[in-house]
Amino acid sequence: MKNLPQNLENAVGRTVVAEDMISAAPIAGLMAALGHEGLVPRSGDAVPPLWHGLFCTAKLPPSRLGTDGLAKDEGLLPAASDYPNKLFGGARFDFRRPLRIGDEIRKESEVMSFDRKEGRTGPFIVGLIEHRVSNTDGIAVVEQNDIIYRAATGPARTLSNGGQAKPPEPAKLPAAPVWSRTITPDPVLMFRHSAVTFNSHRIHYDRDYVREKGYPGLLVQGTLIARMMLDMVATEAPAFEIGAFSFRSGRPIYDDGHFTLGGAPSADGDWIDLWAADHAGRVGMTAKAQPPGL
């Protein structure tokens, strides 16, 4: 943890506990947001993979939010004054047993580590957070999140010679797509997803805010894209049981055009490669779904 802010070092090992009951209303809300009709979630129904994130969310009053709508200090991750921009870099999920509507759940969130790195636009910090979600039968989901702390450089970084930083080369598709969906993001979809997950970050719904910050549009939530990927898997390969899932965010995907979800099962069926590419064909997220035991 070399050259890290002291308050970040002090936060390693910090654990926050939240409790909740899995209810049908948020499940129904996300179903509606994703366009599912005629489905009525009922007590005892299994929660789809990644939908556990609708529960045990932090409910903070406005006094504890920053101007961007994010928590100033949600009790788990401290702020870092030299790295004020927090971004979600990626996540890994281990689904050990199903969660069901009606379950009483407990979520333990622990700060595992911080690591300072050098990137194309300068230094940044990666925080590793682990969430353990349990019901009465034990741990059901283990989730690890990569949280990126960046300096306040804005969406485009100006070089000392007056030019703009060279954009990264577009990532290549992991495989030829077997399945694909074209998504036209709209403010209603993004607002509904933010509402059902209680995500108040203005970058996802406040057009004036993103215009002021110089972004080309509203930022499509990474977790929304990931949930839409798994929704595609459930439709295209309903017999494929998901035991593990991981995704990594790269280039941001904004609502300034459509984006495409792609998927390709491996030849032996051991995994499914998934990705999202923006309207120019630039890959913004890659993911992998695996069955239990792999």
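Overview of values
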quantity: Matching residues in the range 204-227 - criterion: being touching a strand residue (DSSP E or B) at 6+ places or on another chain (Cβ under 6 Å) and more than 17 Å from residue 85 (Cα to Cα); calculated: 216, 217, 225, 226
quantity: Residue selected from the range 58-113 under the condition at pLDDT 85 or above and of a type in the set (Lys, Arg), by the criterion nearest to residue 243 (Cα to Cα); calculated: 96
quantity: Number of positions in the range 229-260 that are under 13 Å from residue 49 (Cα atoms) and among the β-branched types (Val, Ile, Thr); calculated: 2
quantity: Residue among 245, 198, 191 that is part of a strand (DSSP E or B), within 16 Å of the chain's Cα centre (by Cα), closer than 27 Å to residue 86 by Cβ and in contact (Cβ under 8 Å) with a residue 12 or more places away in the chain; calculated: 245
quantity: Extreme residue, nearest to the chain's Cα centre (by Cα), among residues of the range 46-86 that are of a type in the set (Gly, Ala, Ser) and assigned to a helix (DSSP H, G or I); calculated: 53
quantity: Residues that are assigned to a strand (DSSP E or B) and within 15 Å of the chain's Cα centre (by Cα), drawn from the range 249-267; calculated: 249, 254
quantity: Test: residue in the range 177-193 that is at pLDDT below 90 and more than 30 Å from residue 61 (Cβ to Cβ); calculated: yes
quantity: Some residue of the range 213-231 being assigned to a loop (DSSP other than H, G, I, E, B), under 22 Å from residue 98 (Cα atoms) and without any contact (Cβ under 8 Å) to a residue 60 or more places away in the chain; calculated: no
quantity: The range 108-131 residues that are closer than 12 Å to residue 3 by Cβ and surrounded by fewer than 20 Cβ atoms within 10 Å (Cβ to Cβ), paired with ones that are hydrophobic (A, V, I, L, M, F, W, C) and at pLDDT 95 or above (beta carbon under 9 Å, 6 or more apart); calculated: 115/128
quantity: Contacts under 8 angstrom Cβ, first residue in the range 260-277 being without any contact (Cβ under 8 Å) to a residue 24 or more places away in the chain, partner assigned to a strand (DSSP E or B), 6 or more apart; calculated: 266/272; 266/273; 271/265; 271/288; 271/289; 271/290
quantity: Among (1) assigned to a loop (DSSP other than H, G, I, E, B); (2) in contact with a Pro (Cβ under 8 Å, 6 or more places away or on another chain); (3) without any contact (Cβ under 8 Å) to a residue 40 or more places away in the chain - the single one residue 28 does not satisfy; calculated: (1)
quantity: Those residues of the range 87-128 which are among the acidic types (Asp, Glu) and either part of a strand (DSSP E or B) or over 16 Å from residue 141 (Cα atoms) (or both), in sequence order; calculated: 94, 104, 108, 110, 115, 118
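The values are calculated or read from the model by the stated rules, or taken from the named source; none is laboratory data. Owing to the predicted nature of the structure, the values given are computational and were not obtained by experimental measurement. Virtual Cβ from ideal backbone geometry, glycine too; neighbours counted across all protein chains shown.
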